[in-house]
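*Asks:* Questions regarding the structure given below will be posed in turn.
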Amino acid sequence: MAIYDRSEPRTINALYVAAAVVGALLLVGPTRLDAQQGRGAPPGPPPTAQASAPLDLTGYWVSVVTEDWLWRMVTPPKGDVASIPLNAAGRKVADAWDLARDNASNERCKAFGAAAVMRIPGRLQITWQDANTLKVETDAGTQTRLFHFGGTGTKPGARGLQGFSVATWETGAAGGGGGGGFGTFGAGAVGGMKVVTTQLSPGYLRKNGVPYGENTVVTEYFDRHTDFGAEWFTVTTIVEDPQYLAQPFITSTHFKKEPDGSKWNPTACHTDPPRIDKPVVN
């Protein structure tokens, strides 16, 4: 004869109730503990660009000219546009360049705009203007560039030589890559900085009047590295101009760290007369 225990349903119900209570405590308990320890508090403000920088670009730097010597150390002849992908309109403007006219009209600084100033031989002084604005000063032409991080800065109403620059840090796989592999890197390369500049006034890509227009966009990738026992940074510059360029103009420029500012020597914008190439004698 089967034996049926009438107390079994009550025992099972009691177990269900106990399990429900334990589950509720597990869910509620940590939440209260988190609240007591402040984990439920809203997050604080994001770190500033200066505090979160993956590399330090501050200090004094000197450009090391390892390529394009004849186009950077001296003023090229009018019409010499070698390696710059100008379209027909750009060539026409370059062929009409007149140094005397630029000097008379107070346009001596057109070759010192953001699209070209890093290619001009000289020194840089890089400092933090504030926690989210990196300041780059050039002694050649006495120019100042401001790189704004995190949506700071106010876009100017008028266009200017240095335009308006928005900067971001690049770390991990994106850092040290020069934006898709355009950069040049040595040992010890760490993250990098990307800068996009717009709001430019028309200027020159070289001192001999090779033009860029007001709708030009300049994208730069800065990477710091160690080579030959010294500290360097390389800036890869991509200039895109729908008015005068047939395709992007890409350069890489190298700067070496200096111990101090003893050689810092700001000078006004100046363009020497173009070099005179000697005719080739066969």
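*Asks:* Going from most exposed to least, what order do 252, 165, 83, 52 have by accessible area with a 1.4 Å probe?
*Replies:* Numbers: 252 30, 165 0, 83 85, 52 50 Å².
The ranking, largest first, comes out as 83, 52, 252, 165.
*Asks:* Moving on to the next point. Could you compute the FRET efficiency for residue 128 and residue 68, with r as their C-beta to C-beta distance and R0 at 30 Å, rounded to 0.05? Walk me through the intermediate numbers first.
*Replies:* Values: r = 31 Å, r/R0 = 1.03.
The computed FRET efficiency comes out at 0.45.
*Asks:* Right, another one. May I ask you to derive the FRET efficiency for residue 272 and residue 41 from their Cβ-Cβ distance with R0 = 41 Å, giving the value to the nearest 0.05?
*Replies:* Numbers: r = 62 Å, r/R0 = 1.52.
With a Förster radius of 41 Å, E is 0.10.
*Asks:* Measuring from label point to label point, each 7 Å out along Cα→Cβ, what is the residue 168 to residue 56 span in nm?
*Replies:* Label-label distance for residue 168 and residue 56, simple model: 2.6 nm.
*Asks:* Moving on. Could you please report the charge total around residue 217, scoring K, R as +1 and D, E as -1 over all other residues with beta-carbon less than 10 angstrom from its beta-carbon? Working shown, then result.
*Replies:* Details: positive: none; negative: 240, 241.
Neighbourhood net charge equals -2.
*Asks:* What net charge is computed for the residues neighbouring residue 198, neighbours being all others with C-beta under 10 Å from the C-beta of residue 198, Lys and Arg scored +1, Asp and Glu -1?
*Replies:* Working: positive: 155, 159; negative: 214.
Once all neighbours under 10 Å are counted, the net charge is +1.
*Asks:* Taking amide H atoms as placed 1.01 Å from N in the peptide plane, list the residues 5 or more away in sequence, or in a different chain, whose amide H sits under 5 Å from that of residue 161.
*Replies:* Result for residue 161 returns 201.
The values are calculated or read from the model by the stated rules, or taken from the named source; none is laboratory data. Nothing here was measured: the structure is a model prediction, and the numbers come from that model. So basically every Cβ, Gly included, is an ideal-geometry build from the backbone, and we count neighbours across all protein chains shown. For the accessible areas, the whole protein counts, side chains as well, though only heavy atoms, and no ligand, DNA or RNA atoms are used. Shrake-Rupley method; radii C 1.70, N 1.55, O 1.52, S 1.80 Å.
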